[in-house]
Every structure is written in structure tokens, then in C-alpha cells.
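Structure first, commentary second.
The values are calculated or read from the model by the stated rules, or taken from the named source; none is laboratory data. Please read all numbers here as calculations on a predicted model, not as lab measurements. Cβ coordinates were reconstructed from backbone atoms using ideal geometry, including for glycine residues, and neighbour counts include every protein chain displayed.
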2 protein chains.
Amino acid sequence: MKATLMFGAGDVRIADVPEPTIKHPTDAIVRTVRACVCGSDLHPYHNMPRNDAGNPMGHELIAVVEEVGSDVTTVHPGDFVIVPFAYQDNTCVYCQEGMQTSCIHGGFYGQPDPGGLQAQYARIPLADGSMVKVPGINPDTANDELLASLLTLSDVYLTGYHAAHMGEVTPGKIVTVIGDGAVGLSAVLAAKSLGAERIILMGRHKDRTDLGREFGATDVVAERGEAGIAQVMDLTGGYGSHVVLEAVGHMPAYDQAVGVVRPGGIISRVGVPQYEEAPIGFGSLFGKNARLAGGPAPVRNYLEAGIADVLSGKINPGKVFDLTLPLEQVADAYQAMDSRTALKAMLTP
Amino acid sequence: MKATLMFGAGDVRIADVPEPTIKHPTDAIVRTVRACVCGSDLHPYHNMPRNDAGNPMGHELIAVVEEVGSDVTTVHPGDFVIVPFAYQDNTCVYCQEGMQTSCIHGGFYGQPDPGGLQAQYARIPLADGSMVKVPGINPDTANDELLASLLTLSDVYLTGYHAAHMGEVTPGKIVTVIGDGAVGLSAVLAAKSLGAERIILMGRHKDRTDLGREFGATDVVAERGEAGIAQVMDLTGGYGSHVVLEAVGHMPAYDQAVGVVRPGGIISRVGVPQYEEAPIGFGSLFGKNARLAGGPAPVRNYLEAGIADVLSGKINPGKVFDLTLPLEQVADAYQAMDSRTALKAMLTP
């Protein structure tokens, strides 16, 4: 089958690899309906050391179940499913507490075992916990818009939702979203769905912030750094933002978040931090009782509700996809996202 | 009148200073019933640069109102009041959101203006927002135990309560408290009052951890660092603590907190951080969705409820005082706390 391998920074290719097979009785094999490229895939695209064996890529998928192991009970061959970007048993203590990305028996795709999801087929470990059936939808006849929105439930939209959820967005709150990438725009949509009164989007790519406005942003701030902070403070009457959703992961974005959060407010991060240490002392978080939240989204925890919201038409998060390419052209998909000519690229098998 | 001045590290003395007078129509003048020394007073006691003018000290007080300015309406001469460690108008946007330590018009005692509260008299700015009357209690006839507990509502107990509140302690939660000082023990008592199922106290002074057990600690861990983390993990079945209340403020205490918090859990800090930068990236907080909260306690927000809990006998936080000295001996009070021969020292006028 065709699968995406990365051999080093900037070098991502389609390769012919053996089709996956059931290894454990809790596994399932699925056939790809749609996959896509994540902003986080661009980190190794920038800095991965040379690896001649190639590393399997991809962690976002909607698919049809081909085969299940003997212990799998909740999904069956032929089911159309959404596959969260992490696998989990969905039964351990952490899963029960809604932290499935910390599942004791779980893990992540995009490594030799269990492989990547930018491929024609995939092996899904712990299948009962790691996929959810979409009821009543035939992927062969469903329209592209619906499939795109369902695909975002694998990661990007529910990562934005996680930011808003952990940021405790509720009606009446002022929310600032930092970053106009696909996760940031998803966070805007999620904040809107949770009733935010005002949503300030910090981003400087007009085509993207235009989609942000469509998703619910009430204000756009293109400035960054101190000028951006000053503008957000101005927009909030000098008081700052109750919630800041940080969807970038670089230090300047964190500094902006600290600058605009109001006393007692929450900074919720879903951009994977490209730093380990950062200011949290009296002069940054402590002095104003600002809180910090966020991490890898436990997508599984939000998946049933997300499916219902997409199927009902309440949300249409698939609009973040502005490029669709066949899997064979995955290298072009990476290149387009890296050069920012595409916001997010979908792959067809 | 007699007031406490600090002239440099280790040099704290009683001095004769002019009695305070009303400066603004929103001020009140109060006469001290009880004051005390705070763990945070020990920071300048360790490192204050020489200052021949002397810096007024103290920020914890119960008192009787002597005189009020023409704009003060809620307290009157003769009222017995609790004075929170920060002053505030209690009406600004931040105060209304429960963040009175960030009051736009507020500030802190222990500086030349408005002075310190380890003194016979004090000027209280913004008196309507900065003191609360204790109903039905005559301080001249009330017993010492009750006065001690009411005094803790000025800072130490409600700081511990703030930690537990921001840590979202609820029934069923496993809570670890780091630090067996007066704030840590108060945090134990507050966690117990909020229904924590299990309270693990990390501290190594047996007389203090014994009081911690009396306040509700179910387990005591004397080890620190990696050994202490391992023991807490063991006590929690390897899963970690839902809530960690950090009442120390030094970096090793933060590292312990990161080590024992479980995925999705909250580290709530009330020990004033003696650091600005700390690990918050993928390897510390982000990877496990651990949250960070805390800051200077908005005591005013919790004061009426705290008074009711003390008067009803539900809590008796005054047990943290194990030394009472006359104000003239304030230097001995600092010395006793600094040498850890006293947990917390009360001062009588």
C-alpha cells in the first residue's frame, strides 16, 4: 500500500509498504477515507535528523473498518469511523477522568509502531477505545463538506475545543485567540459554540482571519508583541481577556498570552510548546492569579458530542481545509502548508 | 505609638512613631486587637538592604475602629473588624470578579504609605472595601482561641483556603499539600473543609505535621525531592494527586508539585514564588495537561464565609499560633519564626 514516510527535514515521500495486519486481538485494520497534514507535522519537517528507514507520518483519519481482532466488540467491518489522533483503551483511570491522551496503555501514531495515518490502510490499536462510529453516514455518498468536518474531529477542531473547554469559556466571557492557523481558527469556532461574548483573534493572514470572523471572531488584531498586547488591552477597556487560547506554541505567543490575560483569567495552550521553561512567577502569572491550562487534547472525550454537532450542522469546522490532494502528492501538501499557501491540506486515498 | 520597623536584614525593632490620621475621606483609623508575623515577612528579614529610615512592617490584623473618614459608610467607630492583608475598594471590575488583590485602586501594607499593621494603630485605606465587621463579638471579652482564629482570616487561613479553592478541591479528590508552615497547614484545613477524600501533607517537622493531621491530613510524607515524589505516587496507587497545594514558593517545591500532580490535575500555588521562570513545557505541565493556578489570596472575597465558619466552630484555624508576645517583643517573634522554634507568632498591643 501507499504510506507517507519522512526521511529527514524537508524530505517527505510516498512509499510502498506492506499492508498492516492485526497484531493484537484488540487491533483493527481500517481503510482510509480521508487523512490530512497537521501543523505539528511541520516540526519534524523542519528539524528531523536524517533517517534512511523513513518515519511513518500522520495521525488524523476518517476511515472504514476492514477487519477487527477477536477482542474488539464496539466496531465492526464496514463501520465508518473517526480515529482520534491518540489511541487509548478509554477505560483506565486517566481515561475515565477525561484525560485519554494520558491513557496508561495508549500512545501516538507517527512512529514505526503502530505506524502513521497518512496511508491507505492503518492498524488501530485498542480499537474499542480508539475509534467512534459515525452513525447513518455512508462515506462513499457523503458530500465533501461533511467529510471534511468529520475529519477535523480526529484532531484539529477538537484540539481547538479542548483549548476552549480547559479555558473554561462560558457565556459572557471575553476570549482572545492567539494564532490564525487551523487550530486557532478551530478555537474561535469552539469559543463561539460555548457562548463567548467577544472573541479577539490575533493573526495577520487576512484570508485566515476572514475565516476566523466567519467562525465567530468579533475583532482581529494583526499586531504582535507589545503592540498587539496594547491593542487587546485597549479593546477590553484596559482590563484584559478572561480567557486566552494559545494555538501557536512559540515563546512570543506565550508572552502575548501573559500580557493580555486579566487577573484571575486562564491561559489555555494547545500549541505544542517549543520551550520548556517560561515565566510563571510574581511578575507574570502569580501576581495576577492568572491560571495556565492545556495540553494534548483528549479528543476521545469530546468525540460523540463533536459528531452530533457536525451532523446537526451546528458547526462546520471543515472549512479549515483549503487544499485537497491525492495521497501520492503528500509532499506537495506539506510544502503548501509549510509555505503558508495552504491553511490545512486534506489527503484522499 | 509603637510600630514595627525593619532597618535591614535581621534588624526589626519597635519604634515610637506618630499615630496615623485620616488622610482621605475613605480612610479609617483602627486600634489593634491582635497582629502577627507572616512567613512572607521573613523574606525581607533575610535579604532587605539597609534602610536607616526603617520600613513599616505587618499586614495581618484584627482591630477596633477608632475613627472613619466622611465617605465611609459600612463600618463605624467601635466596630470589631478583620482587616485583609491587602486593601481594595471591593467595587472595581476585578474586585467584582473576586480578584481583590488586583484591585485597580488597591494596594498592600508594609510600606511607608499606608504603613504597616504590626503597630498599635493603623490607617486603613478604602475602609468600606478593606475591613469586615465581626458581628456580635466583643474583643475585650472574647476568648483568645476565638481571637486567634479570627486573626487567621486576615491572611493565613484564607490564603490556604484560596489555594484549595483555586485548586478546585471537591469531595472525592486526592490532595497533596507541600509545606508544613502555617499556610500549608491552613491549606490542609481548607481542603478538609471542602471535602477532600485524602490529604497527603509533605513536611518534615513532626510537631507541625501532627497539627496537620489534626486539621485533616490522612498521610504525612517527610521525604523531599525524588524520594518524596515516589512516596506520594505510591500512596496514590501510582496515579498521582488530583490537586497539589504548594505553600512554600521555592523551586524544589514546584518541582515536587509537578512530580506528583496527575494528568489533568491542578497545581495551586500560594507560596510567593522565589523564582520567575520554571518548567511548563511538554515534559512538565503540558504533556499531562496539568494546570497551574494560584497567587496572592483575595481574602476579601472569602471573608464573610470565613467569619461564619469560625463563629460556628466549623473550623479552628487559630491553632497555627503557638507563640504570643507583646508588640514590644516583635523582634523575638521574628527570631522565633525564623529559627522555626515558633510556627506563627501573634502580637498583642
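If B:Val244 meets every condition in (1) within 21 Å of the chain's Cα centre (by Cα); (2) outside any helix (DSSP H, G or I); (3) facing another protein chain (nearest Cβ under 9 Å) apart from one, which number is that one?
(3) is the only condition that B:Val244 fails.
What is the number of the single condition among (1) within 14 Å of chain A (Cβ to nearest Cβ); (2) under 30 Å from B:Tyr121 (Cβ atoms) that B:Ile315 does not meet?
(1)
Restricting to segment A:57-75, and then to whatever is of a type in the set (Gly, Ala, Ser) and in a loop (DSSP other than H, G, I, E, B), can you tell me which residue is surrounded by the fewest Cβ atoms within 10 Å (Cβ to Cβ)? Break it down stepwise before answering.
In the first step, residues of segment A:57-75 are kept if they are of a type in the set (Gly, Ala, Ser); the result is A:58, A:63, A:69-70.
The next check asks that each one be in a loop (DSSP other than H, G, I, E, B); those that pass are A:58, A:69-70.
Working: A:Gly58: 26, A:Gly69: 19, A:Ser70: 10.
That would be A:Ser70.
Among the residues of segment A:159-189, write down those that are outside any helix (DSSP H, G or I) and within 14 Å of another protein chain (Cβ to nearest Cβ).
Going through segment A:159-189, the residues outside any helix (DSSP H, G or I) turn out to be A:167-181.
Scanning segment A:159-189 gives A:Gly167, A:Glu168, A:Thr170, A:Gly172, A:Lys173, A:Ile174.
State whether the residues of segment B:39-50 include one that is in a strand (DSSP E or B), of a type in the set (A, V, I, L, M) and in contact with a helix residue (DSSP H, G or I) (Cβ under 7 Å, 6 or more places away or on another chain).
Of all residues in segment B:39-50, those in a strand (DSSP E or B) come to none.
Within segment B:39-50, none of the residues are in a strand (DSSP E or B), of a type in the set (A, V, I, L, M) and in contact with a helix residue (DSSP H, G or I) (Cβ under 7 Å, 6 or more places away or on another chain).
Among the strands (runs of 3 or more DSSP E) confined wholly to segment B:265-332, which include 2 or more residues that are under 18 Å from the mean Cα position of the chain (by Cα) and either modelled with pLDDT of 95 or more or farther than 28 Å from A:Met166 by Cβ (or both)?
Working: elements: B:277-279, B:291-294, B:323-326.
Counting at least 2 such residues, we get B:291-294, B:323-326.
Restricting attention to segment B:268-293, report how many residues are closer than 14 Å to A:Ile266 by Cα and more than 7 Å from chain A (Cβ to nearest Cβ).
2
Yes/no matrix, rows are residues, columns are (1) aliphatic (A, V, I, L, M); (2) crowded, with 24+ Cβ neighbours inside 10 Å:
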residue: B:Asp255; (1), (2): no, no
residue: B:Tyr275; (1), (2): no, no
residue: B:Gly281; (1), (2): no, no
residue: B:Ala290; (1), (2): yes, yes
residue: B:Leu303; (1), (2): yes, no
residue: B:Ile307; (1), (2): yes, no
residue: B:Gln335; (1), (2): no, no
residue: B:Asp338; (1), (2): no, no
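Tally the residues that are part of a strand (DSSP E or B) and more than 19 Å from B:Val330 (Cβ to Cβ), restricting the search to segment B:21-38. It would help to see each step written out before you state the result.
Taking segment B:21-38 first, the residues part of a strand (DSSP E or B) are B:28-36.
Retained after the next criterion (residues that are more than 19 Å from B:Val330 (Cβ to Cβ)): B:28-29.
The qualifying residues number 2.
In this structure, is A:Thr101 surrounded by fewer than 17 Cβ atoms within 10 Å (Cβ to Cβ) and not aromatic (Phe, Trp, Tyr)?
Values: surrounded by fewer than 17 Cβ atoms within 10 Å (Cβ to Cβ): no; not aromatic (Phe, Trp, Tyr): yes.
Answer is no for this residue.
Might you check whether a residue that is out of contact with any Gly (no Cβ under 8 Å at 6 or more places or on another chain), of a type in the set (A, V, I, L, M) and without any contact (Cβ under 8 Å) to a residue 60 or more places away in the chain occurs anywhere in segment A:271-278? Walk me through how you get there before you give the answer.
Our first condition is that a residue be out of contact with any Gly (no Cβ under 8 Å at 6 or more places or on another chain); within segment A:271-278, this holds for none.
Scanning segment A:271-278 turns up no residue that is out of contact with any Gly (no Cβ under 8 Å at 6 or more places or on another chain), of a type in the set (A, V, I, L, M) and without any contact (Cβ under 8 Å) to a residue 60 or more places away in the chain.
Say we look at segment B:247-264 and pick out the residues that are assigned to a strand (DSSP E or B) and not small (Gly, Ala, Ser); which of these is nearest to B:Met166 (Cα to Cα)? It would help to see each step written out before you state the result.
Looking only at segment B:247-264, we keep the residues that are assigned to a strand (DSSP E or B), and these are B:261-264.
This time we only want the ones that are not small (Gly, Ala, Ser), so: B:261-263.
Values: B:Val261: 15, B:Arg262: 16, B:Pro263: 17 Å.
Out of the qualifying residues, it is B:Val261.
The conditions are (1) at pLDDT 95 or above; (2) farther than 16 Å from B:Ile174 by Cβ; (3) within 14 Å of chain A (Cβ to nearest Cβ), and B:Tyr239 fails exactly one of them. Which is it?
(2)
Can you tell me which residues in segment A:91-139 are away from chain B (no Cβ under 14 Å) and at positive phi?
Listed by number, the residues that qualify are A:Gly110, A:Gly115, A:Leu126, A:Gly136.
Check B:Arg224 against each of (1) touching an Asp or Glu at 6+ places or on another chain (Cβ under 9 Å); (2) farther than 21 Å from B:Lys344 by Cα; (3) of a type outside the set (Gly, Ala, Ser) and name the one condition it does not meet.
If we test B:Arg224 against (1) touching an Asp or Glu at 6+ places or on another chain (Cβ under 9 Å); (2) farther than 21 Å from B:Lys344 by Cα; (3) of a type outside the set (Gly, Ala, Ser), just (1) comes out false.
Give segment A:9-38 a look and list any residue that's touching a helix residue (DSSP H, G or I) at 6+ places or on another chain (Cβ under 8 Å) and acidic (Asp, Glu), or say none.
Of all residues in segment A:9-38, those touching a helix residue (DSSP H, G or I) at 6+ places or on another chain (Cβ under 8 Å) come to A:9-10, A:12-14, A:26-28, A:32-38.
If the condition is that a residue be touching a helix residue (DSSP H, G or I) at 6+ places or on another chain (Cβ under 8 Å) and acidic (Asp, Glu), then A:Asp27 is the only one that fits.
How about segment A:336-348: which of its residues are touching a Phe, Trp or Tyr at 6+ places or on another chain (Cβ under 9 Å) and assigned to a helix (DSSP H, G or I)?
To start, the set of residues in segment A:336-348 that are touching a Phe, Trp or Tyr at 6+ places or on another chain (Cβ under 9 Å) comprises A:337-338, A:342-346.
The answer is A:Met337, A:Asp338.
Answer yes or no: is there a residue in segment A:278-290 that is assigned by TED's automatic domain parsing to the domain that holds A:Ser186 and of a type in the set (Val, Ile, Thr). Let's see the steps before the verdict.
In the first step, residues of segment A:278-290 are kept if they are assigned by TED's automatic domain parsing to the domain that holds A:Ser186; the result is A:278-290.
So of that shortlist, the ones also of a type in the set (Val, Ile, Thr) come out as A:280.
Yes, there is a match, as at least one residue in segment A:278-290 is assigned by TED's automatic domain parsing to the domain that holds A:Ser186 and of a type in the set (Val, Ile, Thr).
Quick check on B:Ile229: is it more than 19 Å from A:Ala290 (Cβ to Cβ), free of Cβ contacts under 8 Å to residues at least 40 places away in the same chain, among the hydrophobic types (A, V, I, L, M, F, W, C) and assigned to a strand (DSSP E or B)? Step through it out loud before you land on a result.
On the way: more than 19 Å from A:Ala290 (Cβ to Cβ): yes; free of Cβ contacts under 8 Å to residues at least 40 places away in the same chain: yes; among the hydrophobic types (A, V, I, L, M, F, W, C): yes; assigned to a strand (DSSP E or B): no.
In short, no.
Taking interchain pairs and intrachain pairs at least six residues apart, which have beta carbon atoms under 8 angstrom, with the first residue in segment A:304-325 and closer than 14 Å to A:Leu147 by Cβ and the second charged (D, E, K, R)?
Final answer for the pair search is A:Asn316/A:Glu145; A:Gly318/A:Glu145; A:Lys319/A:Glu214; A:Val320/A:Lys344; A:Phe321/A:Lys344; A:Thr324/A:Asp144.
Scan (1) away from chain B (no Cβ under 14 Å); (2) touching a helix residue (DSSP H, G or I) at 6+ places or on another chain (Cβ under 8 Å) for the single condition A:Leu327 breaks and write down its number.
So A:Leu327 meets the others, but not (2).
Residue by residue through segment B:78-105, note down the ones that are in a helix (DSSP H, G or I) and β-branched (Val, Ile, Thr).
Of all residues in segment B:78-105, those in a helix (DSSP H, G or I) come to B:93-96, B:100-102.
Selection gives B:Val93, B:Thr101.
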